[in-house]
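Participant: Mind looking over this structure? Questions follow.
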Amino acid sequence: MGMRVLITGASGVVGTLMRPRLRREGRILRLLDLVPPAPPEAGEAVEALTGSVTDPDLMARACEDVDAILHLGGISRENGWADILEVNIGGTQVVLEAARRAGVGRIVLASSNHAVGFRTVEPELPADSSPRPDTFYGVSKAAVEALGSLYHSRFGMDVICVRIGSCFERPPGVRGLSTWLSPDDGARLFEACLSCPSPGYRIVWGVSGNTRRIYSLAEAQALGYRATDDAERFAAEISGPAPTGDEAHYVGGPFCTTPLGEPN
Ligand code: 15L
């Protein structure tokens with residue numbers, strides 16, 4: 001998709017990895033974050049906005065003349081309920097409402113494997129497994145998906161929720177050998193989400209083609225995503241203990257045992 005794509009959370013972990021990978025001829029990336037996005041590189045077509053996804057006036061301006069939104073902005077791990085509620089749930093409602101008013105037809109929402117963290121590890125866990133959150137953070141991601149469903153059903157917006165596994169340069173630890181989404185595969189997946197014709201409302205997994213994968217790729221493949229990376233190539237160099245007990249039994253791993261409501 002050409003034209004203008006708004007990325008919220010553009011200075012965050014995933015946003016920073018996606019920015020260079022979502023550059024396209026004829027596409028303007030509008031970057032929004034609390035942390036001012038880095039200045040454009042030579043030839044990079046970007047616009048920058050600094051502020052919060054919870055600010056309706058800012059989001060109204062951010063959505064002007066936008067063709068699609070990649071909503072990554074929010075708290076990315078466990079935190080106190082009030083902040084999770086305001087930023088992740090409240091912020092997503094503000095983004096969706098601003099998108100609707102501006103006539104933005106497509107929005108990709110960053111969900112997480114922690115929306116279903118208390119699902120038992122099994123091969124090919126379906127992407128639309130109903131929520132079993134492992135934290136307040138996981139609850140917020142289930143709510144993000146529900147908000148996306150609402151805005152699709154009410155207003156016909158195309159909304160794709162991506163249950164991202166672990167999107168980092170390299171798999172973070174042994175669990176990451178199952179849950180890794182390589183940055184390049186992440187970009188391929190988001191590109192499919194932005195360009196596939198008339199998806200309606202979908203939930204897909206954001207994961208690479210890992211040998212130890214436990215999340216189904218079928219739903220993302222239906223959008224045109226083809227995973228090319230496999231975390232297994234890092235296996236020899238990843239140290240640290242393999243998860244045990246509940247952290248091995250449930251897909252959320254350490255989020256299943258972290259103290260509720262405390263930053264992890
Ligand atoms: C997430 O949702 C977090 O944002 C990220 O920091 C990782 O913890 C990831 O899940 C994961 O499960 O590895």
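The values are calculated or read from the model by the stated rules, or taken from the named source; none is laboratory data. Just so you know, these numbers come straight off a predicted model, no measurement behind them. Glycine gets a Cβ as well: all are built from the backbone with ideal geometry, and neighbour counts include every protein chain shown. In case anyone asks, the SASA skips ligands and DNA or RNA and just uses the protein heavy atoms, side chains included. Shrake-Rupley method; radii C 1.70, N 1.55, O 1.52, S 1.80 Å.
Participant: Tally time: how many residues in segment 111-150 are touching an Asp or Glu at 6+ places or on another chain (Cβ under 8 Å), at pLDDT 95 or above and closer than 22 Å to LEU194 by Cβ?
Facilitator: Going through segment 111-150 one residue at a time, the tally reaches 3.
Participant: Can you confirm whether VAL95 is assigned to a strand (DSSP E or B), open to solvent by less than 20 Å² (accessible area, probe 1.4 Å) and of a type outside the set (S, T, N, Q)?
Facilitator: For VAL95, the condition - assigned to a strand (DSSP E or B), open to solvent by less than 20 Å² (accessible area, probe 1.4 Å) and of a type outside the set (S, T, N, Q) - is not met.
Participant: Taking segment 122-132, which residues are out of contact with any strand residue (DSSP E or B) (no Cβ under 7 Å at 6 or more places or on another chain) and either open to solvent by less than 10 Å² (accessible area, probe 1.4 Å) or in contact (Cβ under 8 Å) with a residue 40 or more places away in the chain (or both)?
Facilitator: GLU122, PRO123, GLU124, PRO126
Participant: Could you tell me which residue of segment 221-257 is most open to solvent (accessible area, probe 1.4 Å), considering only residues that are in contact with a strand residue (DSSP E or B) (Cβ under 7 Å, 6 or more places away or on another chain) and more than 15 Å from TRP180 (Cα to Cα)?
Facilitator: In this case the residue turns out to be HIS249.
Participant: Looking at (1) assigned to a loop (DSSP other than H, G, I, E, B); (2) closer than 19 Å to ARG163 by Cβ; (3) of a type in the set (Gly, Ala, Ser), which one does GLY240 not meet, given that it meets all the others?
Facilitator: It fails just one condition, (2).
Participant: Residues of segment 147-187 being away from the ligand (no atom under 16 Å from the Cβ), assigned to a helix (DSSP H, G or I), in contact (Cβ under 8 Å) with a residue 12 or more places away in the chain and charged (D, E, K, R), which ones?
Facilitator: Within segment 147-187, just ASP184 meets the criteria.
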